[in-house]
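A quick write-up on the structure given underneath.
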Amino acid sequence: MDTINTYAMKYRFFLFFLFAGVFNAAQGQTNSSQENTVVTSTNKKTQVREGENGKLHINVSKKDAQKFKHNGLVRYSDFGASGDGQTDDIDAIAAAHVYANQHGLPVKADGGATYYIGGKSRTAVIQTDTDFGTAAFIIDDTEVQDRTTPVFRVSSSLTPFKPEGISSLKRNQEKIDISLPGTCLITVTDANVKRYIRFGPNQNSGAPQTDIFIVDKDGHVDMDAPIIWDFDQITDITALPLDETTLTLKGGFFTTIANRAESKYTYYSRGIAIRRSNVVVDGLEHRVTGEGEHGAPYGGFLNIAECAYVTVQNTVLTGRKTYQTIGSAGVPVSMGSYDISLSRALNVSFVNSSQTNDINDNQYWGIMGSNYCKNLVLDHCTFSRFDAHMGVANATIRNSTLGHQGINAIGSGTFTVENSTLHGRTLINLRSDYGSTWQGEVLIRNCDFVPAGGRPVSASLIGGSNSGQHDFGYTCYMPERITIESLRIDDSNHPEDYQGPAIFASFNPDMTDDSYQEQFPYVRTREVILRNVTTNSGQALRLSDNPFMFKNVKVNTD
């Protein structure tokens, strides 16, 4: 613990920060921070104790209640947090938030404190502005009671409900015949239809068709995040009113002491779970220590799900060490492990943010992954990768640098990359385990591409593969139109037999003539527009190592 305390002290006094796969199921909204707590106010001293079955008993003296009201905030020390870096402070931290949530008060960490958080199954529910400030938080995952319990959960105080009268929906439907109390986030599922039937070492039988979108009180769908599937049947539907005020988390130096569990797909979720809309995370820093020869993967220190309009800014995070296990197909696989996890989240932006470790060091997994999201943005970020597993509708990467895992995505809408530097093996990799599908357009403007971070490879701009023999649960598309303007390709370090960068990877090397029959036809790109594409090697851009597959693609260089 002395080493960790020294480490926390080192970062406690920073006033400014650097500019900055498989996931756990998203936890549902919690209506009240009173969950498993008893709160009283008597003349006795303020005290927090744990009762039977882990129930938290909180007494706040009447004198302290007046003080908190007068000060307009509560501190962790008000509820008994020692901040000495050794005493487990999670009960006091949770209690402070329970009281703050009840009385609408912000929470402020004590300046210079180091809060130790052990493996107890206790979550501090945040429903008011919280300033972690210069405090340090040590999250010890070496002995955890419940790996799926987040340390903090940012939760809405609004109550979800089941809207009635909606039996079906159509893709891109603009209006729903429904009246709502206000703008709501709608989550809908048809369990009778399976999508994202994964192919490869982590193969599976797919996931129920689901979607999430925003609807105003009169039933108008926000078409910036449209409905992406036809729902002939609806087996589950939930509406959550959107919080109209912005909740802000500020500061904080967090250090996770990594778990030492067996290396298998038992994801740890010991971080900050955001389950409320209209949230800003500003100036947070998260580091990791204690990663050894084996360990279970992480489902995101920042785990953002079932919400909309979240901005993470001026924040520093950490890529997780990559461990191996045996996948569902019975062969060894590298396990995805994340500091950022997004699921069923709309309009999420990362701004001026970075990671602590080298974005091109492949011993660390790509820092982020997402499922079922819409309108994701990276702006002025330096991360090891951008990733969308089970689809993203619309994504933008601008003014950013991405490392060894680059851009990996499937989905729909418009994917825009501009004013950025990419170090992946391809400029954009369309994930083959989900059919390398993008139903929409790709726009690339004013970017630098350093294939494989400068290692000698035969570069492709658009990567992926699809044999046409696997049913992914949907028709697979390549981007209908790909526009590339002012792209500089640094392929100066290349193999001896290099023929120049290709627009498309081979995708299906077996498809070399008309005799090849696709059981599930893969819809190819219609048009590629190239403007001012240059290479350091001097080699011209070519179509593909498999020109037959792309023979009908129109390449416009005018």
**Request:** For residues that are touching a Ser or Thr at 6+ places or on another chain (Cβ under 9 Å), in a strand (DSSP E or B) and surrounded by 24 or more Cβ atoms within 10 Å (Cβ to Cβ), tally how many sit in the range 423-472.
**Result:** 10
**Message:** Considering only the range 479-491, I want to know if a residue exists there that is of a type outside the set (Gly, Ala, Ser), surrounded by fewer than 18 Cβ atoms within 10 Å (Cβ to Cβ), within 16 Å of residue 426 (Cα to Cα) and modelled with pLDDT under 95.
**Reply:** no
**Asked** Cβ-Cβ below 7 Å, separation at least six or inter-chain, first residue in the range 361-383 and surrounded by 20 or more Cβ atoms within 10 Å (Cβ to Cβ), second assigned to a loop (DSSP other than H, G, I, E, B) and of a type in the set (Asp, Glu): which pairs?
**Response** 375/224
**Message:** Tally up the residues in the range 109-148 that are assigned to a strand (DSSP E or B) and out of contact with any helix residue (DSSP H, G or I) (no Cβ under 7 Å at 6 or more places or on another chain), please.
**Reply:** 9
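Rundown of residues vs (1) under 26 Å from residue 64 (Cα atoms); (2) of a type outside the set (Gly, Ala, Ser); (3) at pLDDT below 95, yes/no style:
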position: 91; (1), (2), (3): yes, yes, no
position: 114; (1), (2), (3): yes, yes, no
position: 119; (1), (2), (3): no, no, no
position: 127; (1), (2), (3): yes, yes, no
position: 147; (1), (2), (3): no, yes, no
position: 150; (1), (2), (3): no, yes, no
position: 175; (1), (2), (3): no, yes, no
**Prompt:** Which one of the conditions (1) part of a helix (DSSP H, G or I); (2) under 19 Å from residue 273 (Cα atoms) does residue 69 fail to meet, given that it meets all the rest?
**Reply:** (2)
**Prompt:** Considering the range 45-76 alone, what residues qualify as being among the polar types (S, T, N, Q), under 21 Å from residue 126 (Cα atoms) and within 37 Å of the chain's Cα centre (by Cα)?
**Reply:** 71
**Prompt:** How do the strands (runs of 3 or more DSSP E) wholly within the range 149-234 filter down when requiring 3 or more residues that are among the hydrophobic types (A, V, I, L, M, F, W, C), surrounded by 13 or more Cβ atoms within 10 Å (Cβ to Cβ) and out of contact with any Cys (no Cβ under 7 Å at 6 or more places or on another chain): which remain?
**Reply:** 184-195, 207-215
**Prompt:** Does at least one position in the range 287-299 carry a residue that is surrounded by 17 or more Cβ atoms within 10 Å (Cβ to Cβ), in a strand (DSSP E or B) and within 14 Å of the chain's Cα centre (by Cα)?
**Reply:** yes
**Request:** Count, please, the residues in the range 399-422 that happen to be over 17 Å from residue 504 (Cα atoms) and not in a strand (DSSP E or B).
**Result:** 4
**Request:** Pull up the range 503-525, narrow it to residues that are surrounded by 11 or more Cβ atoms within 10 Å (Cβ to Cβ) and polar (S, T, N, Q), then point me to the one that is nearest to residue 489 (Cα to Cα).
**Result:** 506
**Request:** Please indicate, with yes or no, whether at least one residue in the range 473-485 is assigned to a loop (DSSP other than H, G, I, E, B), more than 30 Å from residue 204 (Cβ to Cβ) and charged (D, E, K, R).
**Result:** no
**Request:** Name the residue, out of 218, 232, 211, 222, that is closer than 18 Å to residue 343 by Cβ and among the acidic types (Asp, Glu).
**Result:** 211
**Prompt:** Is at least one residue of the range 50-58 under 21 Å from residue 152 (Cβ atoms) and assigned to a loop (DSSP other than H, G, I, E, B)?
**Reply:** yes
**Message:** Which of the numbered conditions does residue 251 fail, given that it passes all the others? Conditions: (1) small (Gly, Ala, Ser); (2) outside any strand (DSSP E or B); (3) crowded, with 18+ Cβ neighbours inside 10 Å.
**Reply:** (2)
**Request:** Could you check, for the range 528-545, whether at least one of its residues is modelled with pLDDT of 95 or more, more than 21 Å from residue 458 (Cα to Cα) and either part of a strand (DSSP E or B) or over 34 Å from the mean Cα position of the chain (by Cα) (or both)?
**Result:** yes
**Message:** Given the condition in a strand (DSSP E or B), among the small types (Gly, Ala, Ser) and under 12 Å from residue 408 (Cβ atoms), answer yes or no: does some residue in the range 377-385 qualify?
**Reply:** yes
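The values are calculated or read from the model by the stated rules, or taken from the named source; none is laboratory data. Quantities reported herein were computed from a predicted structural model and do not represent experimental measurements. Every residue, glycine as well, gets a Cβ built from its backbone with ideal geometry; the counts of neighbours run over all protein chains shown.
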